[in-house]
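Asker: I have a structure here, written as structure tokens, and I will follow up with some questions on it.
The values are calculated or read from the model by the stated rules, or taken from the named source; none is laboratory data. Bear in mind the structure is a predicted one, so any value in this text is a computation, not a measurement. Neighbour counts run over all protein chains shown; Cβ positions are idealised from the backbone, glycine included.
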Amino acid sequence: MRSNEIELLVNWGDTDKAGIVYYPNYFKWFDIAGHQFFRSCDLSPRQLEEERQIIVPMLDARCSFEKPLLYEDVITIKTQVAEINNKTIKLNHEVFRGETRTGFGYELRGWVKQTNNVIKAVPIPEDVIAILNQDIHTSDKGKRISFNA
């Protein structure tokens, strides 16, 4: 299945008083990586909303923490499609500092149609399933990634 990776710098505001990454930042990074994953597939969330009236809200997320991260660590987040169901997409994320995995988890996103202030989960179209099922790995390492996912 399709995968992507991005590189981010741990900023001072990502850490606690001890200089260790504060755990909710993993969820922020998963969200950034998820949005960048969709962009890498030419399924930008903005494009989906404008062209198909589709939003991909977060339904569930989980993270396991293995090693601490510190201020100014450079991290790589590897994102891969784990499951495609009728109305949901599950993305797995792994966070690395160099070769060391520091945490992993997933996010479950819905495929939701938004029309006239009504939102409803709808089946994921075949063209999108085909894109997500492609065995393609893309990398956005070295590119400027917006923190406004």
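Asker: How many of the residues making up the stretch 86-109 are over 28 Å from residue 21 (Cβ atoms) and touching a Leu at 6+ places or on another chain (Cβ under 9 Å)?
Answerer: 1
Asker: Of the residues 36, 80, 47, which single one is within 17 Å of the chain's Cα centre (by Cα), surrounded by 18 or more Cβ atoms within 10 Å (Cβ to Cβ) and either of a type outside the set (A, V, I, L, M, F, W, C) or not in a loop (DSSP other than H, G, I, E, B) (or both)?
Answerer: 36
Asker: Would you mind stating whether residue 102 is modelled with pLDDT of 95 or more, out of contact with any Ser or Thr (no Cβ under 8 Å at 6 or more places or on another chain) and either part of a loop (DSSP other than H, G, I, E, B) or not aromatic (Phe, Trp, Tyr) (or both)?
Answerer: Answer is yes for this residue.
Asker: State the number of residues belonging to the stretch 53-77 that are of a type in the set (S, T, N, Q) and surrounded by 15 or more Cβ atoms within 10 Å (Cβ to Cβ).
Answerer: 1
Asker: I'd like to know if the stretch 85-96 contains one or more residues that are crowded, with 16+ Cβ neighbours inside 10 Å, more than 18 Å from residue 30 (Cα to Cα) and of a type outside the set (D, E, K, R).
Answerer: No: the stretch 85-96 contains no residue that is crowded, with 16+ Cβ neighbours inside 10 Å, more than 18 Å from residue 30 (Cα to Cα) and of a type outside the set (D, E, K, R).
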